[in-house]
Amino acid sequence: MAAGEARAKTALVVDDQPMMVRLCEAILKDLGYRVFKAASGAEGLRTLLEVCPETSLLVTDIVMESETDGIDLAKAALAAHPNLNVIYMSGYANGPVVAEMLDRKSTLFLQKPFVVASLVEMVTRAEEASSRAG
């Protein structure tokens, strides 16, 4: 497998709810992704930088019970990997941070709870954006 192919099929899922991590992992594996997992923003950033730097897709919860939320994680991850695709998830769609993100048409956002097809659609949109950019 070429290096570009490995990058195209590697994802990192970050959420402090283990059941959500398992769900996302199962869906992404069904889509052919190699999946890494983290339970906090700080752990996610360490994993991205040290364990799986070839990651092309980050799926992260926005609100986590940790010092680093999903927004901060994504900012740091994108600074290190500008071509990284990010899918944000939250059960709190009424907050000002989420509202600001939704104003940007390029933001990929999933309202929790979601159905499998919604995550599949977001992954497809991320892959299409990467193919247009690359």
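Would you say Leu49 is over 12 Å from the mean Cα position of the chain (by Cα), over 23 Å from Pro113 (Cβ atoms) and aliphatic (A, V, I, L, M)? Break it down into steps so the answer makes sense when it comes.
Numbers: over 12 Å from the mean Cα position of the chain (by Cα): yes; over 23 Å from Pro113 (Cβ atoms): yes; aliphatic (A, V, I, L, M): yes.
Spelling it out, Leu49 is indeed over 12 Å from the mean Cα position of the chain (by Cα), over 23 Å from Pro113 (Cβ atoms) and aliphatic (A, V, I, L, M).
Within the stretch 39-65, being crowded, with 18+ Cβ neighbours inside 10 Å, within 15 Å of Asp15 (Cβ to Cβ) and touching a residue at least 40 places away in the same chain (Cβ under 8 Å) holds for Leu57, Leu58, Val59, Thr60, Asp61, Met64.
Give the residue, chosen from Ile87, Ile71, that is under 26 Å from Asp30 (Cα atoms), surrounded by 14 or more Cβ atoms within 10 Å (Cβ to Cβ) and either charged (D, E, K, R) or at pLDDT 65 or above (or both).
Details: Ile71 fails: under 26 Å from Asp30 (Cα atoms).
None of the other options fit; the residue is Ile87.
Among the residues of the stretch 105-128, those that are closer than 17 Å to Ala74 by Cα and touching a residue at least 24 places away in the same chain (Cβ under 8 Å) comprise Met122, Val123, Ala126. Here is the figure for the stretch 5-25: residues that are at pLDDT below 95 and loosely packed, with under 11 Cβ neighbours inside 10 Å total 1.
The values are calculated or read from the model by the stated rules, or taken from the named source; none is laboratory data. Quantities reported herein were computed from a predicted structural model and do not represent experimental measurements. Every residue, glycine among them, receives a Cβ derived from its backbone with ideal geometry; neighbour counts consider all protein chains shown.
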